[in-house]
Amino acid sequence: MDNPDFINQLRKENELLKLQLQELENLERQHKLSEEELRNTTGRLKKIFDAAPDAILIMDVNGTFIQINKIVENILGYNKQDIVGKNFFEMTLLTDVDQNKVKEGVQKSLKGEKFGPVEISYKSRSGEYMYSELSTYPIKFDDRSLILMVVRDVTLQKKTARIIQENEQRLSLHINQTPLGVIEWDLNFKVKRWNPAAERIFGYTKKEVLGENVRCILTPETYKKVKILWDDILSSDSGKRYINENVTKSGETILCEWFNTRLVNKHNKVVAVASWVQDITERVRAERIKKVLYDISNAVNTTDNLHKLIGFIQTELSNIIDTTNFYIALYNETNDTFTLPFFVDEKDQFTEIPAGKTLTKYVVKKQKPILADTRLMSELELQGEIESVGADSKIWLGVPLKTEGKVTGVLVVQSYTDENAFNSSDVQMLEFVSDQISISINRKKTEDELVAALKKAEESDKLKTAFLQNMSHEIRTPMSGILGFTTLLKESGKISDRQLEYLRIIEKSGERMLNTINDLMDISKVEAGQMDVETREIHVNELIDYIQTFFYPEAKQKGLDISNEKGLENSDSIIISDKEKLYAILTNLVKNAIKYTEKGSVNFGYVAKGNYLEFFVKDSGIGIPKQELDTIFDRFVQVHHNLSSKYEGSGLGLSITKAYVEMLGGNIRVESQSGKGSQFYFEIPIKKGENIAIKAEPKPEEKIQKTEEKQQLKILIAEDDETIRKYLSIVVRKISTEVLFAKNGIKTVEISKNNPDIDLILMDIKMPGMDGYEATRKIREFNKNVVIVAQTAFAFESEHEKAEAAGCNDYISKPINRNSLINIIGKYFNQQN
Ligand code: ADP
């Protein structure tokens, strides 16, 4: 059995088997490897398949999906189960049209052709419309014909493109529809873009202007500076704003506001200039008009008179219209004339013209603005509507100025050189401002008239005051002579009883005349508003006593009882009021009470009532009839004078009394019964005076006694009236050692200087040349001690203040009563010694 061949054979076979086995193992290993490789490769392919950015769908020739990649889910919103195994043709993924496109693709792919890409749209699962590009490819897989469908999502690109397109459309709409002119220039100032608004502003169509130089829309002035502006725009990052004058195709000059900016490409190179422009002519004009209106309305308060106001109006209007030849004519209907408070004209000069048949009058007649060129003027002339007045103008524009619908004036501008100086828009504008101009002119006119009236009133007031002062002086001075010498005559002792009686009559008549004059002066002053209230402390009880003493002799003489009542203790009876007026009020009432009472009594006084004192004056006289009680305080009313001539008077006393009471802040009333007597009441508010120690004034007789005892004064009588000089020298004879005389102010000062030992100067106020005030001031410069007593003949209280201010110690009113003068002198020389 040991057959070597067989063994060899076996060995060989064994070797072969080993080799085969090895081979097999190799093969198996190899197989394993390829299987793994295949697995690996398939996995990688799968990954690639799923990672592809486009949706990949594989369907069989019937349209049934057999494989899809992951992205399908993202793009279509469907997952594998929704699609794999489903037939495309049975799904309603795509619109009809797009379904057909896919069908077409499928069909082409079946024929071995590639299809696409075509655009398809479909609804995603979320209902959103999506856009994709579809391509189909025929493929063979394991001898099986399949269709590979690639879907690329282009929704975003699609939407972006649409937005860009919409934006572009919108932008172009903007450019076409904006009221701003939109212009683009190349770097040679030539028009590249020109929108419809630019057409409207400048009048050139796009066709006309494309490629044209900027010069076509510039005025020569603007053209001069355009190069500078251009450089400015090109060198600036931000836009530039300008306001320029431009010119339109028809040659009209307009004002434009420009916003310009350079356009730079992505390489930062300037490629063009873009401009936005708007015509602001009207806006600026409206603003100017508004300002003009505002300024004109304000000017009423800032200008002095009508002439200046109209001058101002002309200057203001020159901002909006040519006012080289300008006037305002105010129409006077009564005499059919025009006054021209302001007229600026190159050729004519008028201040008043008859209205006649002028163009200006034509405006008044028509009540509307007239813009007349030479043609219209000659037409109107031919029609007989107007007759030419003044130099011929090329164009004339008149606008009515109306007040309450009535034409009160005309505002006119005209040109002698330029027939186009004014147009219809000027007419509108002037018509628009004319209302404010009328209002302003009217206000100023009224103001001027008021000022003139006030000036006149002031002048006439001054005249009246001067007249009153003069009359007062002229009457009182001779009365001083008459009454003074009558007193002296009476006291001379060398006259018969009859002569004495005559002298009393002279005295009485003189006094009556003086009373009348005083009343007249007072009422005139009250009415002229020249009566001032001067408050000071008044000792009311003293005043009552004084009046009692004053009227006692008169009452006694008539057989009447006169008594008084005081409502306050002496120490409490100091009030602040106007002493002169309170005195005048009481005196008037007591005087009347005595006058209108024949028998019985007169009782007067006051009671204190809170913040006021109620004064009363009661009598048992003839009384006042009821029906007269209301009018008793009116001027010139006299109840009893027509009954009997025994009551004299002017009928002014009570009206003066009432005016005074009212000036003191009180009121007056009367109660009366005919035949039984009258009671007058008045109350005045009081401001209590400080608690001042009440000085008992020495009785007049005592003082005279003392002064007369002295008899050693050196007296200067300054007086221009000879009679008064004589009278005064007699009055002071007993109290003087030496009497000097001066007839005027200068002499008075001179004598005072030369005689420093003078004790007293009786200073007349109204003297020729230098008056008494001036002389007093001069004397006070070198002599502070001499007593100066002013003699005033003017019935004005202000005179007393003036006298005091000039340096006088005291004053005495003319006509000078002997006792009063002695009293005053006594006051000073008693005090000094
Ligand atoms: P006359 O100067 O006339 O007195 P008045 O203005 O003082 O003017 O008075 C006006 C009029 O009032 C007097 O005319 C008189 O008729 C009347 N009257 C004034 N006071 C009294 C009085 N006490 N009793 C009666 N009548 C009086």
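At a glance:
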{"item": "Y327 being of a type outside the set (K, R), open to solvent by 20 Å² or more (accessible area, probe 1.4 Å) and in a strand (DSSP E or B)", "result": "no"}
{"item": "Scan of the range 229-256 for residues that are of a type in the set (V, I, T) and open to solvent by less than 50 Å² (accessible area, probe 1.4 Å), ordered by number", "result": "I233, V247, T248, I254"}
{"item": "Of all residues in the range 562-597 being open to solvent by 60 Å² or more (accessible area, probe 1.4 Å) and under 50 Å from the mean Cα position of the chain (by Cα), the one that is farthest from the ligand (Cβ to nearest atom)", "result": "K579"}
{"item": "Residue within the range 542-561 that is within 23 Å of G666 (Cβ to Cβ), open to solvent by 70 Å² or more (accessible area, probe 1.4 Å) and among the basic types (K, R) present", "result": "no"}
{"item": "Complete set of residues in the range 605-647 that are modelled with pLDDT of 85 or more, touching a Gly at 6+ places or on another chain (Cβ under 8 Å) and not charged (D, E, K, R)", "result": "G605, Y606, V607, A608, Y612, L613, F615, F616, S620, G621, I622, G623"}
{"item": "Subset of the range 510-529 that is among the charged types (D, E, K, R) and more than 11 Å from the ligand (Cβ to nearest atom) - its residue that is farthest from A793 (Cα to Cα)", "result": "E527"}
{"item": "Test: residue in the range 411-433 that is assigned to a strand (DSSP E or B), within 27 Å of the chain's Cα centre (by Cα) and within 18 Å of T324 (Cα to Cα)", "result": "yes"}
{"item": "Enumeration of residues in the range 815-833 that are at pLDDT 85 or above, over 22 Å from F485 (Cβ atoms) and open to solvent by 20 Å² or more (accessible area, probe 1.4 Å)", "result": "K827, Y828"}
{"item": "Only listed residue being among the charged types (D, E, K, R), modelled with pLDDT of 85 or more and not in a helix (DSSP H, G or I), chosen from E168, E133", "result": "E133"}
{"item": "Failed item in (1) at pLDDT 90 or above; (2) within 16 Å of the ligand (Cβ to nearest atom), with Y546 passing the rest", "result": "(2)"}
{"item": "Single residue of V151, V102 found to be open to solvent by less than 30 Å² (accessible area, probe 1.4 Å), part of a strand (DSSP E or B) and touching a Ser or Thr at 6+ places or on another chain (Cβ under 9 Å)", "result": "V151"}
{"item": "Filter pass, L76 being at pLDDT 80 or above, hydrophobic (A, V, I, L, M, F, W, C) and buried (at least 17 other Cβ atoms within 10 Å of the Cβ)", "result": "no"}
{"item": "W194 vs. criteria within 19 Å of I233 (Cβ to Cβ), open to solvent by less than 40 Å² (accessible area, probe 1.4 Å) and either of a type in the set (G, A, S) or free of Cβ contacts under 8 Å to residues at least 24 places away in the same chain (or both)", "result": "yes"}
{"item": "Residue match in the range 488-510 (condition: out of contact with any Phe, Trp or Tyr (no Cβ under 8 Å at 6 or more places or on another chain), in contact (Cβ under 8 Å) with a residue 40 or more places away in the chain and open to solvent by 70 Å² or more (accessible area, probe 1.4 Å))", "result": "no"}
{"item": "Selection within the range 193-221 - more than 42 Å from the chain's Cα centre (by Cα), in a helix (DSSP H, G or I) and either under 14 Å from G251 (Cα atoms) or of a type in the set (G, A, S) (or both)", "result": "A198, R215, C216, I217, P220"}
{"item": "Residues that are surrounded by 15 or more Cβ atoms within 10 Å (Cβ to Cβ) and not in a helix (DSSP H, G or I), drawn from the range 79-90", "result": "V84, K86"}
{"item": "Answer residue from the range 490-545, given it is among the hydrophobic types (A, V, I, L, M, F, W, C) and more than 56 Å from the chain's Cα centre (by Cα) and is farthest from A584 (Cα to Cα) among those", "result": "I495"}
{"item": "Selection status of R504, among the charged types (D, E, K, R) and in contact with a strand residue (DSSP E or B) (Cβ under 8 Å, 6 or more places away or on another chain)", "result": "no"}
{"item": "Residue within the range 264-284 that is within 30 Å of S393 (Cβ to Cβ) and either open to solvent by less than 90 Å² (accessible area, probe 1.4 Å) or in contact with a Lys or Arg (Cβ under 8 Å, 6 or more places away or on another chain) (or both) present", "result": "yes"}
{"item": "Tabulated pairs, the range 611-633, first touching a residue at least 40 places away in the same chain (Cβ under 8 Å) and more than 8 Å from the ligand (Cβ to nearest atom), second acidic (D, E) and not in a loop (DSSP other than H, G, I, E, B), C-beta under 7 angstrom, 6+ apart or interchain", "result": "Y612/E683; L613/E683; E614/E683"}
{"item": "Residues that are among the aromatic types (F, W, Y) and assigned to a strand (DSSP E or B), drawn from the range 172-192", "result": "W185"}
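The values are calculated or read from the model by the stated rules, or taken from the named source; none is laboratory data. Just so you know, these numbers come straight off a predicted model, no measurement behind them. Don't worry about glycine lacking a Cβ; one is built from the backbone with ideal geometry, like all the others, and counts go over all protein chains shown. For accessibility, only protein heavy atoms count, side chains too; no ligands or nucleic acids. Shrake-Rupley method; radii C 1.70, N 1.55, O 1.52, S 1.80 Å.
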